Amino acid sequence: MAHGNTHHAASHAAHSHGAHWDTSIWPFVISFGILFALPLAFSFHFVYHQPFVAVMMLGLGVPMILAGIAGWVSEAMGKGEGLSYGAMGWFILAEAMIFVSFFALYWFLRLAEPAWPPAGSVELPRVMPLVMTAVLVASSLTIHYAEHLLHLGDAGGFRKWLLLTIALGLCFLGMSAYEWTHLMHEGFNIGTNVFGTFFFTITGFHGAHVIVGLAIFLAGLPAALGGRASPGFMRTAGLYWHFVDIIWFFVVSQIYYW
C-alpha cells in the first residue's frame, strides 16, 4: 500500500509539473523565416534565376527571423536563468560544428588548388579586417563589463555599456556591408570562383550570427531601460556574443590572411 501511495504521489507530481510547461509560437516563426531567407531565396536566385522572387523571400524571411528572436527572448525575460545558460553552451557547440564543416571544406579545396587565390579573385583589404577585429573584441569587453555592473546593481552603468556594445556590433556590420559592396563593385561575388563562394558564405554566416546577437540584445533592451534587466538573461546573451567574437578570429585569420 505504501508503495502504491508513493507511485501515485510521484505521478501526481509529474502531472503537476507538466501542467506548468511553457509553450511558444516563436520557434515556428524563426523556422519559417529561415526557410524563406535561406533555401528558398538561394534556390530562386541561383537555381531558377528569379532574383526578384529571391528578394521577396528575403524580405519575408529576415523580418520573421528577427521578430521570432525578439518574441522568444521577450518571453524568457523575467523567468530567471533556468537552463538557458547550459542550453546556450550546447547550442554554441552545434553552431561551432557548422563553422568547422565550412572551414574543413575550405581547407581541403584551398590546399587542392595549384594556385591561390584562383583566377578572377581580387585582393582583399588588409587594414579593414584588423579594424573590424578591434571593434568586435571591444564589444566583447564592453558586454562583459556591462554584466559586471548589472551584478553590482548599477543599472545606469549597465545600460550605458549595453548600448555601447550594441553600437559596436552595428559598426561591425556596417564595415562588413561596406566591404561586401566594395568587393562586388570590383566584380568579386559569391559566383566568381570557389574563393568567392567561401568568402561570402563564411563571412555572411558569421555576419548572420552577429545579427542574431544584436537581436537578442535589442530584445532585452526595453527591460534594461526600465531597470528590469535579468542577470541570467544577460549572462546567457553575453556567452553567445563571446562565441561570435571567438569565431571571428578563425574567419579573419583563415579567409583574409592565409
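Details
- Cα shape, region 82-198, gyration tensor, a/c 1.5 rule: oblate
- Entry note, region 125-216: relative contact order of 24 percent, from Cα contacts under 8 Å with a spacing of 6+ residues.
- Per-residue Cβ neighbour counts within 10 Å put Phe243, Phe52, Phe249 in the sequence Phe52, Phe249, Phe243, beginning with the fewest.
- Ile246, Ile65 arranged by Cβ crowding within 10 Å, fewest neighbours leading: Ile246, Ile65
- Distance from region 218-258 to region 148-171 (C-alpha centre basis), Å: 12
- Footprinting exposure proxy for Ile69, Ile202 (fewest neighbouring C-beta atoms within 10 Å first): Ile202, Ile69
- Given the chain, longest segment not containing exposed loop trypsin sites (Lys or Arg not before Pro) (DSSP; at most 14 other Cβ within 10 Å): 127-227
- Candidates Ala134, Ala119, Ala229: whichever shows maximal mean-square fluctuation once the chain is modelled as a Gaussian network with Cα springs under 10 Å: Ala119
- Degrees, to the nearest 10: 127-152 long Cα axis against longest axis of the chain: 10
- For the chain, a Gaussian network of Cα nodes joined below 10 Å ranks Ser43, Ser121, Ser176 by mean-square fluctuation, and the top entry is Ser43.
- The chain: calculated mean residue ellipticity at 222 nm from DSSP helix runs of at least 4, using -39500 (n - 2.57): -26500 deg cm²/dmol
- The chain: projected area of the alpha-carbon convex hull, averaged over directions, in nm²: 18.6
- The Kirkwood radius of region 113-175, taken over pairs of alpha-carbon atoms, gives through the Stokes-Einstein law at 20 °C and 1.002 mPa s a diffusion coefficient of 156 µm² s⁻¹.
- Kirkwood hydrodynamic radius of region 118-258, from inverse mean 1/r over distinct Cα pairs, in Å: 16.0
Each value in this text was obtained by applying a stated rule to the coordinates, not by laboratory testing. Treat the numbers as computed from the prediction; the structure is a model and nothing was measured. Note that we place each Cβ from the backbone using ideal geometry, even for glycine, and neighbour counts take in every protein chain shown.
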